[in-house]
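One structure is given below, encoded as structure tokens.
The values are calculated or read from the model by the stated rules, or taken from the named source; none is laboratory data. What you are looking at is a predicted structure, and each value in this text was computed from that prediction instead of being measured. Glycine gets a Cβ as well: all are built from the backbone with ideal geometry, and neighbour counts include every protein chain shown.
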């Protein structure tokens with residue numbers, strides 16, 4: 001098994017970098033508004049708009065100008081539209097509107113920045129401070145168990161070191 005550990009560490013690092021669970025966030029078109037009008041999501045989540053009445057669109061952009069990220073009808077034929085939040089939008093706010101009612105029917109999607117596996121103190125970098133935190137949790141379960149195998153060990157150290165930023 002010890003001969004496998006060096007081979008498994010990079011695979012586990014990639015696994016840890018993937019979002020564990022993607023959520024679905026539902027936004028309803030209600031009259032001439034979207035409800036809720038603002039949501040906060042993670043990369044990989046699905047935002048689903050659902051029509052309740054009328055003929056509308058869901059178009060990314062602002063000031064009645066599309067930015068090309070997405071555009072779809074919401075009408076009696078197309079009663080919902082789903083968009084999976086891409087990594088390219090991490091840390092941004094995606095604005096959207098209804099084309100026929102763009103002066104007032106708008107919304108925003110706040111996309112959280114990508115989490116950095118191994119950034120145990122949440123400062124946006126993986127460095128010596130995180131190494132100290134990981135070592136203080138050695139041989140124990142908890143937040144320093146980066147690969148979620150039940151204990152902080154050499155595999156978790158490998159994940160942390162593979163993400164070292166400064």
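When we screen 94, 85, 110 for residues that are in contact (Cβ under 8 Å) with a residue 40 or more places away in the chain, surrounded by 15 or more Cβ atoms within 10 Å (Cβ to Cβ) and closer than 29 Å to residue 24 by Cα, the only hit is 85.
Mind listing whichever residues of region 135-166 are assigned to a loop (DSSP other than H, G, I, E, B), over 12 Å from residue 120 (Cα atoms) and in contact with a helix residue (DSSP H, G or I) (Cβ under 6 Å, 6 or more places away or on another chain)? Once the filter is applied, which keeps residues that are assigned to a loop (DSSP other than H, G, I, E, B), over 12 Å from residue 120 (Cα atoms) and in contact with a helix residue (DSSP H, G or I) (Cβ under 6 Å, 6 or more places away or on another chain), region 135-166 yields only 147.
From 76, 80, which residue is loosely packed, with under 12 Cβ neighbours inside 10 Å and at pLDDT 95 or above? Can you show your working first?
On the way: 80 fails: loosely packed, with under 12 Cβ neighbours inside 10 Å.
Going through 76, 80 in turn, the sole match is 76.
Exactly one residue among 60, 53, 71, 66 is in a loop (DSSP other than H, G, I, E, B) and modelled with pLDDT of 95 or more, and that residue is 53.
Working only within region 42-59, note down all residues that are within 15 Å of residue 111 (Cβ to Cβ) and surrounded by fewer than 19 Cβ atoms within 10 Å (Cβ to Cβ).
If we filter region 42-59 for residues that are within 15 Å of residue 111 (Cβ to Cβ), which is where we start, we get 42-47.
Scanning region 42-59 gives 42, 44, 46.
Being under 30 Å from residue 116 (Cα atoms), under 24 Å from the mean Cα position of the chain (by Cα) and not in a strand (DSSP E or B): is that true of residue 43 here?
Values: under 30 Å from residue 116 (Cα atoms): yes; under 24 Å from the mean Cα position of the chain (by Cα): yes; not in a strand (DSSP E or B): yes.
In short, yes.
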